[in-house]
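Report on the following structure.
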Amino acid sequence: MAESKKIILTGDRPTGKLHVGHYVGSLRQRVELQNSGEYDEIYIMIADAQALTDNADNPEKVRQNIIEVALDYLSCGLDPAKSTLFIQSQVPELTEMSFYYMNLVTVSRLQRNPTVKNEIKLRNFEASIPVGFFTYPISQAADITAFQATTVPVGDDQLPMIEQTREIVRSFNHIYDEVLTEPEALIPQNESCRRLPGIDGNAKMSKSLANCIYLSDTPEDVRKKIMSMFTDPNHIRVSDPGRVEGNPVFTYLDAFCRREHFEKFWPEYQNLDELKAHYMRGGLGDVKVKKFLNEVMQAELEPIRERRRIYEKDIPEVYRILQEGSIRAEKKAAVTLARMKAAMKINYFDDQELIAAQALKYGEE
Ligand code: ATP
Ligand code: MG
């Protein structure tokens, strides 16, 4: 393939602060991959141009949330010395690539994308969908391929986007030349992390659904949200047997709790299996389980909040990090675009052979 390095590209839309779904679905893994030292290059993108595809009338929202997402990144442990943090709109090569990729994708193929279908419904775009929103999977292919990414750590709602990208890569390489790298999605091994439900029990925690626990929520907000969480609606009395499947309190425990949390906060149980067994048997109340979940989540979130407070004191520095990252990202994207244009034979002025051949054709004597 075109690139033998191991390269990561992933990102988030600046449509709000990041929540614990982002954290377990992608962010936590990114930090682990970053610190594993196994990757040659890591690009983390704040997808402002993509956010504008369904927020065209609200650019201020996107603008305000760039710093929020950047602060969330840094507070989770993404390190600008190891990962390039950048803003999508500051890399114009991405737009140019998207324009050429549009020739390789059909309208019906885009219409089949289940995630886009879902999001169209969610945004009431059925009657009239903005072209930019409809084609965002193509622009996402540009984001990934511009950096020759081999690995894209994401939640499972993004799998159709990665598949679309792979098809574009195959098509491009087949028609023009082997320039682009086929990426692989990296979804969390833990199934509960692939699509964390909302606190309301909705299948996905999402900024657009207002059912989130944010990484930057205060301890008190987190506690209140956990105590108000949807559980098993048939678990009315403590003595009733409860269900753990589809019960978001247990899904969150699956995603967050480790053995040492039991030792520390609830030594009556050895592990989550024991706790689940008791809940299913009956005799264990929701409030107790929620209190434990609160301890577990506060323990995970406190170091993140602490780092956030430090970065919040130096906002100009955060913008500087993003600017530096954007410059670095553009350099890389420009190399890929130049290779693409050469393969597509739209590099007229660099091609001395072409100029000479045309001259010959017109018989310069
Ligand atoms: P929006 O509603 O604006 O689309 P979002 O909450 O879906 O926002 P995105 O910025 O679209 O967030 O997603 C960024 C990344 O986080 C993607 O990799 C996505 O798969 C992952 N992600 C988002 N929500 C969840 C979730 N509830 N569980 C696991 N991963 C998630
Ligand atoms: Mg989304």
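The values are calculated or read from the model by the stated rules, or taken from the named source; none is laboratory data. This one's a predicted model, so the numbers in the text were calculated from it and none came from an experiment. Methodologically, a virtual Cβ is constructed for each residue, glycine included, from the backbone with ideal geometry; neighbour enumeration extends over all protein chains shown.
Taking the criterion of being within 27 Å of the chain's Cα centre (by Cα) and among the basic types (Lys, Arg), the residues of the range 213-267 that qualify are Arg223, Lys224, Lys225, Arg258.
Results for (1) at pLDDT below 95; (2) out of contact with any helix residue (DSSP H, G or I) (no Cβ under 7 Å at 6 or more places or on another chain); (3) over 21 Å from Pro183 (Cα atoms); (4) not assigned by TED's automatic domain parsing to the domain that holds Asp156, shown as yes or no for each residue.
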residue	(1), (2), (3), (4)
Ala2	yes, yes, no, yes
His22	no, yes, no, no
Asp40	no, yes, no, no
Pro59	no, no, yes, no
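Of the numbered conditions (1) within 14 Å of ligand 2 (Cβ to nearest atom); (2) of a type in the set (Ser, Thr, Tyr); (3) crowded, with 17+ Cβ neighbours inside 10 Å, Thr150 fails exactly one; give the number of that condition. The failed condition is (1). For the range 1-16, the set of residues classified as closer than 19 Å to Ile67 by Cα and either away from ligand 2 (no atom under 14 Å from the Cβ) or assigned to a strand (DSSP E or B) (or both) consists of Thr10, Gly11, Asp12, listed by residue number. Here are some residues: Ile187, Ile199. Which one is in contact with an Asp or Glu (Cβ under 9 Å, 6 or more places away or on another chain) and either modelled with pLDDT under 95 or within 16 Å of ligand 1 (Cβ to nearest atom) (or both)? Within the list Ile187, Ile199, the selection yields Ile187. All of Ala210, Ala142, Ala185, Ala149 fail the test of being on the phi > 0 side of the Ramachandran plot and among the hydrophobic types (A, V, I, L, M, F, W, C), apart from Ala210. Ile44 meets all of the listed conditions (1) within 17 Å of the chain's Cα centre (by Cα); (2) part of a helix (DSSP H, G or I) but one, namely (2). Residues in the range 162-184: is at least one within 13 Å of ligand 1 (Cβ to nearest atom) and surrounded by fewer than 19 Cβ atoms within 10 Å (Cβ to Cβ)? No, the range 162-184 contains no residue that is within 13 Å of ligand 1 (Cβ to nearest atom) and surrounded by fewer than 19 Cβ atoms within 10 Å (Cβ to Cβ). Summed over the range 204-223, residues that are part of a loop (DSSP other than H, G, I, E, B), hydrophobic (A, V, I, L, M, F, W, C) and crowded, with 19+ Cβ neighbours inside 10 Å total 4.
Matching residues to (1) surrounded by fewer than 19 Cβ atoms within 10 Å (Cβ to Cβ); (2) assigned by TED's automatic domain parsing to the domain that holds Trp266:
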residue: Phe292; (1), (2): no, yes
residue: Val296; (1), (2): no, yes
residue: Pro303; (1), (2): yes, yes
residue: Leu322; (1), (2): no, no
residue: Gly325; (1), (2): no, no
residue: Ala329; (1), (2): no, no
residue: Ala334; (1), (2): yes, no
residue: Ala338; (1), (2): yes, no
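With the requirement that a residue be among the charged types (D, E, K, R), buried (at least 20 other Cβ atoms within 10 Å of the Cβ) and not in a helix (DSSP H, G or I), what does the range 52-104 give you? Scanning the range 52-104 gives a single hit, Asp54. Is it the case that Arg308 is among the basic types (Lys, Arg), more than 16 Å from ligand 2 (Cβ to nearest atom) and surrounded by fewer than 14 Cβ atoms within 10 Å (Cβ to Cβ)? Spelling it out, it is not the case that Arg308 is among the basic types (Lys, Arg), more than 16 Å from ligand 2 (Cβ to nearest atom) and surrounded by fewer than 14 Cβ atoms within 10 Å (Cβ to Cβ). Within the range 224-237, if we keep just the residues that are outside any helix (DSSP H, G or I) and within 16 Å of ligand 1 (Cβ to nearest atom), the residue that is farthest from Arg305 (Cα to Cα) turns out to be Phe230.
In the range 224-240, of all residues being touching a residue at least 60 places away in the same chain (Cβ under 8 Å) and buried (at least 18 other Cβ atoms within 10 Å of the Cβ), the one that is farthest from ligand 2 (Cβ to nearest atom) corresponds to Ile226. Which one is surrounded by the most Cβ atoms within 10 Å (Cβ to Cβ) among residues in the range 105-129 that are over 22 Å from the mean Cα position of the chain (by Cα) and in contact (Cβ under 8 Å) with a residue 12 or more places away in the chain? Applying the filter and picking the extreme gives Val105.
Across the range 189-214, what is the total count of residues that are within 16 Å of ligand 2 (Cβ to nearest atom) and either free of Cβ contacts under 8 Å to residues at least 40 places away in the same chain or not basic (Lys, Arg) (or both)? Total meeting the criteria: 14. Tyr252 - would you say it is farther than 30 Å from Lys345 by Cα, within 16 Å of ligand 2 (Cβ to nearest atom), at pLDDT 95 or above and not acidic (Asp, Glu)? So Tyr252 fails the test. The residue list Leu78, Leu159, Leu122 contains one member that is more than 16 Å from ligand 2 (Cβ to nearest atom) and either out of contact with any Gly (no Cβ under 7 Å at 6 or more places or on another chain) or closer than 23 Å to Glu184 by Cβ (or both), which is Leu78.
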